[in-house]
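Read the figures in this text as sums done on the coordinates, not as results from a lab. Since the model is a prediction, treat every value here as computed from it, not as a measurement. FYI the Cβ positions are ideal-geometry reconstructions off the backbone, even for glycines, and counts take in every protein chain you see.
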Amino acid sequence: MQSEQRDAVPERVRKVIADAGVSQREFARRIVMDPSKLSRSLGGARRFTAAELSRVAAIGGVDAGWLLGTPAAAPPARRQRAQGPSPEGGRPLQIVRETVRLIAEHGFHAVRVQDIAEACATSTAAIHYHFPGRDDLLEAAVRWCMDEDTARRAARLADAADTADELRQLIELQIPRTPQQRWQWSVWLDLWAEAARSTAVGRLHADYYRQWRATVADVLRRGIAEGVFSPADPEAAALRLTALIDGLATQVLASGPDAPGTGPDAMHAALTAYVDATLTAH
């Protein structure tokens, strides 16, 4: 009987995703879960963890017991009517957003689960229900930052006029001008150190940079074909540009936004000069 209930879990999660009216990848983003893990779990190659199912239930507005096939659990429609107001995006995303904000302000190791619970106006038990340990929270925070950055990057590229403008948009996205951009970079700097010590976060960190460099290399490759950029190895050029962006952004954050010679405008000027001298076709 228990085996039959477990076998029904993927099908019930599929129903939740269908009722949400979003793609499987988008649902994975909402529950802060690796899309490949969600795919394997739906296919029966791995089991959902209790924390993953709690996030599915919270985002989908269903009873976690119903997902597990508990007879007494409320079906989705009844559960949704019984629920009161919930945080924007659901409790799991609220927890992750507040975790990222606190990391940006205080650093990961200074942030306690109690601090996150207070920021979310909930209990530490509720935090652990969705994210059992600090490592789970850190991994979720990294994944959320990656997803947010990827979405902003896609929006910028969609609005670009040509490949030269695409590269300008990508560069501008990385310059810490606004409070939000500085906040994002503060989180990344703190997570870089964690990536060096954590295998799980290290893999996410490496995946993010592969995606970023692939995006830049694709823009350069198309620009070279169009005669906008000089002939070069797109992957190598993307690696060098990424290293320059990271180094300059670190200086901006360490020096402050108004420091002479190391502010956002100086960073933009340095990157523009680099692109004009080494990448732009003359």
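Quick notes
- Geometric descriptor of region 131-212, per residue, is 94 Å³ (volume of the convex hull of the Cα atoms).
- Placing +1 on the Cβ of every Lys and Arg and -1 on the Cβ of every Asp and Glu, with nothing else charged, gives the chain a dipole about its Cα centre of roughly 1060 debye.
- The residue among A214, L271, L204 whose Cα reaches farthest toward the positive pole of the charge dipole of the chain, with charges on the beta-carbon of Lys, Arg, Asp and Glu, is L204.
- Size of charge dipole - region 147-252 - debye, nearest 20, with Cβ of Lys, Arg +1 and Asp, Glu -1, no other charges: 200
- Model label points for S36 and A214, set 7 angstrom from Cα along the Cα-to-Cβ axis, are 1.1 nm apart.
- From helices alone, the chain scores -24000 deg cm²/dmol at 222 nm; the rule is -39500 (n - 2.57) for each run of n ≥ 4 DSSP H residues, then divide by the residue total.
- Each part reduced to its alpha carbon centroid, region 134-200 and region 93-115 end up 17 Å apart.
- Only Lys, Arg, Asp and Glu carry charge here, each on its Cβ (+1 for the first two, -1 for the last two); on that basis region 91-134 has a dipole of about 120 debye about its Cα centre.
- Nearest-ten-degree value, helix 199-226 long axis tilted from longest Cα axis of the chain: 50
- Candidates G90, G223, G133, ranked by Gaussian network fluctuation over the chain, Cα under 10 Å, top entry: G133
- Placing pseudo-labels 7 Å out from each Cα toward the beta carbon at L173 and D246 gives an inter-label distance of 1.8 nm.
- Rounded to 10°, Cα long-axis angle of helix 91-106 versus longest principal axis of the chain: 40
- Dipole orientation for region 80-184: of the candidates A126, V111, A164, A126 has the Cα lying most toward the positive pole (charges on Cβ; Lys, Arg +1; Asp, Glu -1).
- Per the Debye formula on identical point scatterers at the alpha carbon atoms of the chain, with no solvent, log10 I(q)/I(0) at q = 0.07, 0.09, 0.12 Å⁻¹ is -0.33, -0.52, -0.85.
- Applying 0.36 nm per residue to the separation of E118 and R25 and subtracting their alpha-carbon distance, the gain on full extension is 30.4 nm.
- Helix axis angle, 179-197 relative to the chain longest principal axis, alpha carbon, degrees: 80
- Region 91-134: Rg to Rh, with Rh as the Kirkwood radius over Cα pairs: 0.91
- Computed over region 7-68, the ratio Rg/Rh where both radii use C-alpha atoms and Rh is Kirkwood: 0.90
- Amide N proximity, region 214-247 versus H282 label position 7 Å along Cα-to-Cβ, cut-off under 15 Å: 229-231
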